[in-house]
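Undergrad: Have a look at the structure that comes next, please.
The values are calculated or read from the model by the stated rules, or taken from the named source; none is laboratory data. Nothing here was measured: the structure is a model prediction, and the numbers come from that model. Note: ideal-geometry Cβ built from the backbone for every residue, glycine included; neighbour counts use all protein chains shown. Each accessible area value is taken on the protein alone, full model and side chains, heavy atoms only, with ligands, DNA and RNA left out. Shrake-Rupley method; radii C 1.70, N 1.55, O 1.52, S 1.80 Å.
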Amino acid sequence: MLIKIAKPSDLRESDVTPESVYLSRRRFMGGLAGLGAGLALSGTAKASADYSDVPDGDAPAWLQGKIDSSRRRAVVPADPETDAIAPFRDASGYNNFYEFGSSKSDPARHADRLETQPWSVVIDGEVNNGGRFNLEDFASPSRFEERIYRLRCVEAWSMVIPWLGISLADVIQRAEPTSKAKYVRFETLVDPEQMPAQDSAFSLIDWPYVEGLRLDEAMHPLTLLALGMYGRELPNQNGAPLRLVVPWKYGFKSIKSIVRISLVEEQPVNSWQRIAPDEYGFYANVNPEVDHPRWSQATERRLPNSLFNPNTLDTRMFNGYADEVAELYAGMDLRKHF
Ligand SMILES: Nc1nc2c(c(=O)[nH]1)N[C@H]1C(S)=C(S)[C@@H](COP(=O)(O)O)O[C@H]1N2
Ligand SMILES: [Mo]
């Protein structure tokens, strides 16, 4: 495991320095990120972790407090040349969120209709300690951390995004799964008034958007429930106020705007698998050797890019997180369980 767990005594620089100093120090600290592939250092971020152009969010006070005091536990991007953090405008302007439409600009254009305060999350199924929780009660017992992860969409584009959030394992542990719990199933909000494409006759998806993980995948320390990114709350188009981030899987696993988390016995059918089971599986682990039936998965376009600089990279097994997660799939045929 390449993650260094921050000690309680590790203060984030932003706890102790004024923001302007913090931002410039962070840029400077970025230069240290070139220490080596796979190296994880808490308190180190890429040179481009510059949040000075990031617009403030409108987080409730409890969440803003959590964000401000979050300790970084950064999984440092492996290659300092290619793993630069995407500009905020790309991460918040080029999105997949079919509840708001199917073009990449639809979510940013329409997601302001989503009302994220108040928000509640149901935990149910095979748990002893379930219920409906308001978001503050749900999230605030857990330690907030910053995680800089690659996100690789099944469509073969990718970005590096600095998330803020809590460990899903922590949430699951508090719910006390029973011995029957084998999988975790997630659901996005359904409300066509706020999510207009849920009313569209052209929509492929049978709402709610559903995703699932095997319990050991859900408990893995890389698996994050994000409530923020770029040092602020999540923009609605990125799945506010609560979304999953599973960095070694194709982006569609990272379900947005979650309202229900169920511990279940049977493997859930996720939305994309339901639509096209030959094209999208349950596991959806990033794998350059198993192509999508209609395109290659060997390479990806790393955003931001342009016509003149397509910025094409070789896709890596498990999105570059093989050292951390390959053991979860020991002995499995990944062509069959794609
Ligand atoms: N509810 C919901 N979650 C979703 C999607 C969606 O359409 N609806 N799209 C997925 C896909 S395909 C990707 S690539 C990521 C994109 O996350 P981002 O917009 O924050 O980069 O969200 C995933 N989560
Ligand atoms: Mo995606």
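Undergrad: Those residues that are charged (D, E, K, R) and in a strand (DSSP E or B), I need them from the range 117-147; list them, please.
TA: Of everything in the range 117-147, those that are charged (D, E, K, R) and in a strand (DSSP E or B) turn out to be Asp124, Arg132, Glu145, Glu146, Arg147.
Undergrad: Kindly evaluate Ser262 against the criterion of being open to solvent by less than 30 Å² (accessible area, probe 1.4 Å), modelled with pLDDT of 95 or more and within 16 Å of ligand 2 (Cβ to nearest atom).
TA: When the stated conditions are applied, Ser262 does not pass them.
Residue-by-condition table, conditions (1) more than 20 Å from the chain's Cα centre (by Cα); (2) over 20 Å from Asp112 (Cα atoms); (3) within 10 Å of ligand 1 (Cβ to nearest atom); (4) open to solvent by 10 Å² or more (accessible area, probe 1.4 Å):
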{"site": "Glu136", "(1), (2), (3), (4)": "no, yes, no, yes"}
{"site": "Ala156", "(1), (2), (3), (4)": "no, yes, no, yes"}
{"site": "Ile161", "(1), (2), (3), (4)": "no, yes, yes, no"}
{"site": "Ser179", "(1), (2), (3), (4)": "yes, yes, no, yes"}
{"site": "Arg185", "(1), (2), (3), (4)": "no, yes, no, yes"}
{"site": "Pro196", "(1), (2), (3), (4)": "yes, no, no, yes"}
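Undergrad: To continue, here is another question. Being farther than 22 Å from Ser306 by Cα and within 16 Å of ligand 1 (Cβ to nearest atom), is that true of even one residue in the range 88-97?
TA: Within the range 88-97, one or more residues are farther than 22 Å from Ser306 by Cα and within 16 Å of ligand 1 (Cβ to nearest atom).
Undergrad: Taking only the range 201-211 into account, find how many residues are over 16 Å from Val121 (Cβ atoms) and surrounded by 15 or more Cβ atoms within 10 Å (Cβ to Cβ).
TA: Result for the range 201-211: 2.
Undergrad: May I ask you to list the residues in the range 214-230 that are under 26 Å from Ala59 (Cα atoms) and either part of a strand (DSSP E or B) or small (Gly, Ala, Ser) (or both)?
TA: Residues satisfying the conditions are Leu224, Leu225, Ala226, Leu227, Gly228, Met229.
Undergrad: Among the residues of the range 323-332, how many are touching a residue at least 60 places away in the same chain (Cβ under 8 Å) and closer than 26 Å to Arg301 by Cβ?
TA: Matching residues across the range 323-332 total 3.
Undergrad: Right, here's the next one. It is to be established whether one or more residues within the range 158-176 are among the aromatic types (Phe, Trp, Tyr) and farther than 24 Å from Leu328 by Cα.
TA: There is no residue in the range 158-176 that is among the aromatic types (Phe, Trp, Tyr) and farther than 24 Å from Leu328 by Cα.
Undergrad: What number goes with the only condition from (1) acidic (Asp, Glu); (2) touching a strand residue (DSSP E or B) at 6+ places or on another chain (Cβ under 6 Å); (3) surrounded by fewer than 19 Cβ atoms within 10 Å (Cβ to Cβ) that Glu289 does not pass?
TA: Result: Glu289 fails condition (2) only.
Undergrad: If I ask for residues that are touching an Asp or Glu at 6+ places or on another chain (Cβ under 8 Å) and within 13 Å of ligand 1 (Cβ to nearest atom), which ones from the range 257-273 would you list?
TA: Ser257, Ile258, Val259, Arg260, Asn270, Ser271, Trp272
Undergrad: Please count how many residues of the range 149-163 are closer than 15 Å to Asn238 by Cα and either within 9 Å of ligand 2 (Cβ to nearest atom) or without any contact (Cβ under 8 Å) to a residue 40 or more places away in the chain (or both).
TA: Within the range 149-163, residues that are closer than 15 Å to Asn238 by Cα and either within 9 Å of ligand 2 (Cβ to nearest atom) or without any contact (Cβ under 8 Å) to a residue 40 or more places away in the chain (or both) number 3.
Undergrad: Which condition breaks for Glu145 when tested against (1) out of contact with any Pro (no Cβ under 7 Å at 6 or more places or on another chain); (2) open to solvent by less than 20 Å² (accessible area, probe 1.4 Å); (3) within 15 Å of ligand 1 (Cβ to nearest atom)?
TA: With respect to (1) out of contact with any Pro (no Cβ under 7 Å at 6 or more places or on another chain); (2) open to solvent by less than 20 Å² (accessible area, probe 1.4 Å); (3) within 15 Å of ligand 1 (Cβ to nearest atom), Glu145 is out only on (3).
Undergrad: Give the range 117-131 a look and list any residue that's farther than 25 Å from Gly57 by Cβ and either without any contact (Cβ under 8 Å) to a residue 40 or more places away in the chain or surrounded by fewer than 15 Cβ atoms within 10 Å (Cβ to Cβ) (or both), or say none.
TA: Asn128, Asn129, Gly131
Undergrad: Separate question: Looking only at residues in the range 265-286 that are within 14 Å of ligand 2 (Cβ to nearest atom) and without any contact (Cβ under 8 Å) to a residue 12 or more places away in the chain, which one is surrounded by the most Cβ atoms within 10 Å (Cβ to Cβ)?
TA: Gln273
Undergrad: If you scan the range 181-213, which residues turn out to be in contact (Cβ under 8 Å) with a residue 60 or more places away in the chain and assigned to a strand (DSSP E or B)?
TA: Residues satisfying the conditions are Tyr183, Val184, Arg185, Phe186, Glu187, Thr188, Val210, Glu211, Gly212.
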